[in-house]
Amino acid sequence: MKEITDDYIIALLSESTSYQQGFRLLMQKYQTSLYRHIRRLVIDHDDANDVIQNTFIKIFRNIERFEGKSKLYTWLFRIATNEAITFLSSKKRKNTETLDAPHAAFMAEKLTADVFFDGDEIQLKLQQALATLPDKQKAVFNLRYFEEMPYEEMSEILDTSVGALKASYHHAAKKIEAYFKH
Amino acid sequence: MKKEIEEELRNISPFLADLKKELADKEPFKTPKFYFDTLADNVIAKVESQTQISTPPQYAEPPNWISAIQRGLAAILQPRYALAFATAAVLAVTGWFFMHSQQPVSDINFATTEEIQQYIHDNIDDFDLELLQENGALADVASEDNGTENDLFGTDLEKLNVSDEEIERYLKENMNENDLKEFENNL
């Protein structure tokens, strides 16, 4: 099957008559990777569902602001990351949750009971370790470790310098390793 | 690029580099069945419903100045402001009635004798004649008509064009002996 290019999607989105078709193709192409990125940040499926829907609604309403200076998927990941981090901040304010050891224990309990989590013991411990990171550092680690994204693109998504991202990733990796070995 | 990222990770944490290989192709996060098949429809339906809610076609958006008034009224009609306004209104109305109820007393104090006499003259039918006589007001009013108190009665009897016999008969029929004696003494 021929791959749908970003240029083709953007061309469809530029015409009001083909806007919805273009949007559906955009979702078809990126929904899985965006969902995975959001889910790794917010963990819970229902939360991830809310965040991804809000993300695509924002994309639907603001696609004309995409100027083509960066890659389309970089722009999409930027919106998705901002939405997820905003959601987590809001949730923490409501629940007065903290990203410390008790939160990690709570995370393990929650994931064990989650029917949409099918990880083994090591994966569960990795999620617990990730839960100890601040939200933005967790986003840095996820984009580099799981998505294998170049720092330059991460810099566009997170609006942070490449040097700061390298340092953040380094510290995050060390914290996670220490969590496994403590 | 992938190799570069892998080398970087191995330099930072060989443990995490090995862990990544171990966990490769094992995605722990699952979704409900057909989740991605319906996601686009759900998002588009949500966009459309939000658009309808934000700009309902049957209602035009009011101009800014109307919105400002509405916001102002909404602020004023908050319970604490409404209570303050109600208290102020009650005080204002009570004060107005109090001030105006005192007005006639103060007016009569400042009225001249001429003004009072003129008022009585214009509204003579409303006054008790005996009361006026007791207070000496009727004499003044009568004299203003260029006559005396008796002239006043005399003028009225002349206007009625009644004969002396008729008056005498009326008095006998309607007055007892004491009244007649008192009447004769007064003549």
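The values are calculated or read from the model by the stated rules, or taken from the named source; none is laboratory data. These numbers were taken from a predicted model, which means no experiment stands behind them. Backbone-built Cβ (ideal geometry, glycine too); neighbour counts: all protein chains shown.
Going by the structure shown, is residue A:60 within 14 Å of another protein chain (Cβ to nearest Cβ), farther than 20 Å from residue A:147 by Cβ, touching a residue at least 40 places away in the same chain (Cβ under 8 Å) and in a helix (DSSP H, G or I)?
Values: within 14 Å of another protein chain (Cβ to nearest Cβ): yes; farther than 20 Å from residue A:147 by Cβ: yes; touching a residue at least 40 places away in the same chain (Cβ under 8 Å): no; in a helix (DSSP H, G or I): yes.
Answer is no for this residue.
Which one of these is out of contact with any strand residue (DSSP E or B) (no Cβ under 7 Å at 6 or more places or on another chain) and at pLDDT 95 or above: A:165, A:124? Full working, then the answer.
On the way: A:124 fails: at pLDDT 95 or above.
The unique qualifying residue is A:165.
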Go through (1) farther than 21 Å from residue B:7 by Cα; (2) of a type in the set (A, V, I, L, M, F, W, C); (3) within 10 Å of chain B (Cβ to nearest Cβ); (4) surrounded by 19 or more Cβ atoms within 10 Å (Cβ to Cβ) and name the single condition residue A:124 misses. (4)
Test set (1) buried (at least 16 other Cβ atoms within 10 Å of the Cβ); (2) more than 17 Å from the chain's Cα centre (by Cα); (3) hydroxyl-bearing (Ser, Thr, Tyr) - residue A:81 fails condition number: (2)
The correct count of residues that are out of contact with any helix residue (DSSP H, G or I) (no Cβ under 7 Å at 6 or more places or on another chain), more than 10 Å from chain A (Cβ to nearest Cβ) and charged (D, E, K, R) in region B:4-36 is 5
List the pairs whose first member sits in region A:79-94 and is without any contact (Cβ under 8 Å) to a residue 60 or more places away in the chain and closer than 16 Å to residue A:40 by Cβ, whose second member is not aliphatic (A, V, I, L, M) and not in a helix (DSSP H, G or I), and whose Cβ atoms are under 8 Å apart, counting only residues at least 6 apart or on separate chains? A:91/A:97
What are the residues in region A:166-182 that are closer than 14 Å to residue A:136 by Cα and more than 10 Å from chain B (Cβ to nearest Cβ), if any? A:167, A:168
Flagged in region B:1-22 as over 13 Å from residue A:148 (Cα atoms), part of a helix (DSSP H, G or I) and not charged (D, E, K, R), in numbering order, are B:11, B:12, B:14, B:15, B:16, B:19
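If the requirement is being at the interface with chain B (Cβ under 9 Å from one of its Cβ atoms) and surrounded by fewer than 16 Cβ atoms within 10 Å (Cβ to Cβ), which of these qualifies: A:28, A:53, A:21? Working first, answer last.
Details: A:53 fails: surrounded by fewer than 16 Cβ atoms within 10 Å (Cβ to Cβ); A:21 fails: at the interface with chain B (Cβ under 9 Å from one of its Cβ atoms).
Being at the interface with chain B (Cβ under 9 Å from one of its Cβ atoms) and surrounded by fewer than 16 Cβ atoms within 10 Å (Cβ to Cβ) holds for just one of A:28, A:53, A:21, which is A:28.
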Within region A:111-121, considering residues that are over 17 Å from residue B:20 (Cβ atoms) and more than 20 Å from the chain's Cα centre (by Cα), the one farthest from the other protein chains (Cβ to nearest Cβ): A:113
